[in-house]
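Read the structure below first, then the notes.
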Amino acid sequence: MSSIKSATDESASRAATVAGGTTISEEERRAGFGHRWGMSVDIDLCTGCQACVVACQTENNVAINEEQRVTEKRAKSWIRIERYWEGEFPNAKARYLPVLCQHCDNAPCEPVCPAWATYHNEEGLNVQVYNRCIGTRFCANGCPYSVRHFNFWNPEWPDSLENMLNPDVTVRTKGIIEKCTFCVQRINRARRDAAQSDTVVKDGDISPACVQACPTNSLVFGDLKDPFSKVSEAANSDRAYHLLEERGTGPAVVYLKKIDPNATSSSEEHHG
Amino acid sequence: MQEPPAYDVKTIDRRLFDFMLHTPKWFFTTSAGLLTIFGAGFVVFVTMLYFGLQFMGYSHPVYWGFLIVNFVFWIGISHAGVFVSAVLRLTQAEFRRPVTRAAEVVTIFSLQAAVLFPLIHSGRPWRTAYWAFPYDFIRGMWPNPRSPLVWDPSAIFTYLTSTILFVYVALLPDLALARDRAEDPVRRWIFTVLALGFRGTSRQWRIQAIAGILLSAIILPIFVSVHSIVSWDFAVTSVPGWHNTVFAPYFVIGAVHSGVSAVVTAMIVMKWAFKLDGYITADHIDALARVLIAVATGWLFLLFLDFSFGLYGEESAEVDTWMQRIYGGAWPILAPIFIITSYIIPVPLWLIKSVRRSFGWMFATTILVNIGMWLERYMLVIPALERKSSLTFTYSEYIPSISEGILCLASFAFVIVGVLAFCKVLPVMPAADIREGALLSTELKIGRRSVPATLRE
């Protein structure tokens with residue numbers, strides 16, 4: 001397990017963007033600095049199937065949540081499906097809200113970290129530097145979305161799963177905070193692949209594990225700075241909103257609200 | 001008001017140095033008991049180092065608990081020392097004289113207890129040096145100056161340093177006295193070194209007095225800043241219920257409330273334990289109780305402001321937090337206990353003169369205040385995390401674990417043992433200061449009445 005502790009996501013990302021000028025061409029550098037990664041979540045399409053949760057768990061070496069972990073509220077999941085009930089029985093409806101790190105522009109978790117273990121990188125990602133983290137958990141308090149998870153112990157997997165760990169992702173030790181990275185390892189790989197084939201990263205080249213696993217395409221990942229990307233299109237939609245927008249965090253995750261099939265035409269006219 | 005001191009200079013010395021030179025039997029048993037509790041806390045800490053923080057009562061969104069409550073509590077207690085000695089010294093309150101040393105010693109040890117908690121509570125305490133002492137200059141790894149947790153250690157260590165200096169300057173004449181009276185050569189040698197050659201020449205006295213007054217004046221801004229900065233640990237984050245502009249004055253005055261109460265408790269215990277009748281008198285307790293009435297009422301006003309600021313905005317998250325504080329949590333009974341013990345019982349009782357002048361009553365009420373003020377910190381820190389945002393899916397409850405209880409008790413044991421050890425090694429009562437008071441005090445005749453007074457040059 002410990003042998004898997006390769007370079008952290010953070011150091012990998014820095015190596016690809018700002019490190020030695022000889023290894024990175026000017027074009028790549030421009031490509032690297034020109035992004036603002038974002039995601040859109042279409043609530044209307046989400047069926048609450050939890051495929052994203054499982055995919056994330058596998059991709060990012062998140063420890064397995066046994067029953068006890070869930071009952072003591074220490075279960076870790078970088079993306080979670082919040083289920084809310086609407087209406088009274090027998091007409092109750094389940095509403096699902098996938099919540100992951102919002103990679104806020106004005107992130108409340110960043111200024112409070114004394115060790116600078118979390119910061120904003122050049123591509124708008126909210127980065128967690130595991131090596132610097134000392135586990136004050138101040139960031140987890142600051143985060144209104146409660147998406148930061150603390151490692152109460154060293155993670156353990158059954159023997160049969162040890163070899164299944166993703167070598168691209170650090171296994172986090174006890175005493176530090178971890179959270180969604182937008183699968184920064186996939187972003188970096190896409191950038192490297194593009195550089196090798198002398199192209200630039202195109203919309204749709206990168207999909208984090210949750211996006212890849214989503215059966216209804218409720219989750220879409222892309223570059224918010226690219227005006228023609230799918231995620232920009234979603235962000236400009238009439239249905240777009242941000243989670244807890246009143247907190248002024250400037251999230252990079254756009255939610256598309258549910259289309260109400262019972263909406264009367266008069267109200268539509270009123271709004272239109 | 002004040003009783004004239006009834007002792008001549010010789011008696012003052014003998015009585016005040018008694019505990020240093022002769023050890024009563026209870027000292028060993030008490031110390032052993034307290035050290036056992038402290039040891040238990042240490043065992044818990046080492047276990048946590050090895051196995052991680054799984055033994056704490058934290059759950060997903062509630063990542064701060066008892067340890068931070070204790071941290072704020074002990075910082076609060078530490079405010080007593082400077083308030084009692086610096087403020088009362090500058091205002092020339094005569095009743096402070098026997099009280100100052102005890103208050104300062106409580107400050108020193110409670111500050112150290114407070115400093116321990118953020119270290120114990122962090123996930124990787126061995127790395128915390130990066131944050132408190134950024135030594136890693138070559139790699140440019142600096143701490144984040146925007147974080148209140150970086151302001152914290154600088155404020156607290158400044159306070160600790162200046163308090164130790166303050167105590168040391170006040171101790172110098174007493175150390176010289178102890179040196180002169182020590183019979184044991186080892187002890188005499190130690191006191192000779194510590195007394196820094198203080199012989200009581202007029203020049204030395206003048207320097208010592210000026211240093212004391214200067215330090216009193218310099219330490220006051222630090223005194224206000226420390227708890228303000230501790231309050232910003234909460235107030236500058238965006239957590240509803242924490243994010244409040246009134247927090248800094250609210251914390252400072254709450255600290256004085258709990259701290260002065262703790263000093264009264266400590267004084268009464270010292271009077272009982274060291275038999276200091278005649279030095280710590282009903283007058284002193286009475287005067288401090290009057291101070292406490294004013295402080296407690298100011299604190300209640302700021303509590304009300306905090307409450308009304310929270311509700312006035314009608315923001316649902318703030319309201320949820322207050323609901324959780326008052327009706328929710330693992331034990332909804334805590335809110336009434338908090339307000340009853342910290343204000344409703346003690347303050348009306350202090351309005352009665354016979355209560356203010358009774359050691360038993362004052363002991364009981366000041367203990368109550370500190371139970372209440374500990375709960376106040378609990379109410380401030382934890383319910384806000386249990387109801388952090390309007391995403392009800394992440395609502396949680398905090399239930400402290402036994403380990404956290406042990407660490408909490410261990411901090412109390414640490415402070416008590418520290419104060420006891422200080423009293424054993426160094427003079428517990430400021431003998432020189434009391435002597436000065438005895439020399440300055442006299443009787444003034446005003447009409448037919450004779451009034452005790454203090455003469456100054």
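The values are calculated or read from the model by the stated rules, or taken from the named source; none is laboratory data. Since the structure is predicted, the reported quantities are computational estimates derived from the model, not experimental observations. No Cβ is skipped: glycine too gets one built from the backbone with ideal geometry, and neighbour counts run over all protein chains shown. Calculation scope for accessible area: heavy atoms of the full protein, side chains included, ligands and nucleic acids excluded. Shrake-Rupley method; radii C 1.70, N 1.55, O 1.52, S 1.80 Å.
Some observations on this one:
- Between B:TRP26 and B:GLU183, full extension at 0.36 nm per residue minus the direct alpha carbon distance yields a gain of 54.2 nm.
- Axis angle, to the nearest 10 degrees, between helix B:25-51 and the longest C-alpha principal axis of chain B: 30 degrees.
- Solvent-accessible area, 1.4 Å probe, carbon plus sulfur percent, for segment B:328-399: 78
- The Kirkwood hydrodynamic radius of the protein assembly as shown, based on inverse pair distances between different Cα atoms, is 28.9 Å.
- The charge dipole of segment A:2-260, taken about its Cα centre with unit charges on the Cβ atoms of Lys, Arg (+1), Asp and Glu (-1) only, comes to about 580 debye.
- Chain-alone versus full-assembly comparison, segment B:140-177, residues with accessible loss of at least 10 Å² (1.4 Å probe): B:MET141, B:TRP142, B:PRO143, B:ASN144, B:PRO145, B:ARG146, B:SER147, B:PRO148, B:LEU149
- Within segment A:34-70: backbone nitrogen closer than 20 Å to the A:GLU162 label point (7 Å, Cα to C-beta): A:58-66
- Summing Lys and Arg as +1 and Asp and Glu as -1 over all other residues whose Cβ lies under 14 Å from the Cβ of B:ALA248 gives a net charge of -3.
- Mean Cβ neighbour count within 10 Å, used as a protection proxy, ranking B:211-217, A:178-184, A:38-44, B:179-185 highest first: A:178-184, A:38-44, B:211-217, B:179-185
- Rounded tilt (10° steps) of B:148-181 against the dominant C-alpha axis of chain B: 20
- Counting Cβ atoms of other protein chains within 10 Å of each residue's Cβ and taking the mean over peptide B:124-130 gives 5.
- Computed over protein heavy atoms with a 1.4 Å probe, the carbon and sulfur contribution to the accessible area of segment A:2-260 reaches 52%.
- Peptide-level mean, for A:146-152, of C-beta atoms on other protein chains within 10 Å: 6
- For segment B:208-309, the Cβ-based charge dipole about the Cα centre amounts to some 120 debye (Lys, Arg positive; Asp, Glu negative; other atoms uncharged).
- Alpha carbon centroid spacing (whole Å) that separates segment A:58-88 from segment B:253-275: 48
- Euclidean distance of C-alpha centroids, segment B:287-342 and segment B:158-211, integer Å: 44
- Å² of accessible area per residue within the protein assembly as shown, as computed with a 1.4 Å probe and no ligands counted: 44
- For chain B, a crude dipole built from +1 on the beta carbon of Lys and Arg and -1 on the beta carbon of Asp and Glu, taken about the Cα centre, is about 1320 debye to the nearest 20.
- Local net charge near B:ILE399, Cβ-Cβ under 12 Å (Lys/Arg +1, Asp/Glu -1): -3
- Candidate lysines for bridging to B:LYS25, where Cα separation is under 30 Å - those fewer than 8 sequence places away on the same chain excluded: B:LYS10, B:LYS271, B:LYS275, B:LYS424
- Inter-chain Cβ neighbour average for residues A:128-136, partner chain, 10 Å: 5
- Protein accessible surface hidden between A and B, which excludes ligands and nucleic acids, total in Å², probe 1.4 Å: 3900
- Seen from all directions on average, chain B presents a Cα convex hull projection of 25.2 nm².
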